[in-house]
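Report on the following structure.
The values are calculated or read from the model by the stated rules, or taken from the named source; none is laboratory data. These figures come from a predicted structure and were not determined experimentally. Reconstructed Cβ throughout: ideal geometry from the backbone, glycine too, with neighbour counts over all protein chains shown.
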Amino acid sequence: MVVYDTTNQDSLKNSLKWLDKVKKLNNKTTISGVLVGTKSEHKNAKEISSEEGEGYAKKLGLDFFEVSAAYNTNVEKPFLELANKILLLGSTSFS
């Protein structure tokens, strides 16, 4: 799970640097996971649009979610998706 603050461009850059480090440590070019933009409730303060976040996720081969902990919006969805990805490794699904 790669998480960034939608109101802070640097947080996305830093998160993507961490993802690159993980890929290098695992000798992988792609890693299965999710990209999560937080603070989606701050529509007027966003520095990273939903479309931009989706674009990064697609480029990286990750699923994309925007969440708001303040409003409890979509908070569970990225975790459920990760659980599904893990269980698919064992050919089982989780809902």
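Restricting attention to the range 9-48 and to residues that are in contact (Cβ under 8 Å) with a residue 40 or more places away in the chain, out of contact with any strand residue (DSSP E or B) (no Cβ under 6 Å at 6 or more places or on another chain) and not β-branched (Val, Ile, Thr), the residue that is nearest to SER68 (Cα to Cα) turns out to be LYS46. Sub-7 Å Cβ pairs linking a first residue in the range 68-80 that is in a loop (DSSP other than H, G, I, E, B) to a second residue that is of a type outside the set (D, E, K, R) and loosely packed, with under 13 Cβ neighbours inside 10 Å, at least 6 apart or interchain, are VAL75/ALA69, ordered by first then second residue. Here the condition is being within 26 Å of LEU89 (Cβ to Cβ) and buried (at least 17 other Cβ atoms within 10 Å of the Cβ); of LEU62, LEU12, it holds for LEU62 alone. Residue selection: VAL75 fails the criterion of being in contact with a strand residue (DSSP E or B) (Cβ under 7 Å, 6 or more places away or on another chain), at pLDDT 95 or above and of a type in the set (A, V, I, L, M).
For the range 32-59, the set of residues classified as in contact with a helix residue (DSSP H, G or I) (Cβ under 6 Å, 6 or more places away or on another chain) and either in a helix (DSSP H, G or I) or within 17 Å of PRO78 (Cα to Cα) (or both) consists of SER32, VAL34, LEU35, VAL36, GLY37, listed by residue number.
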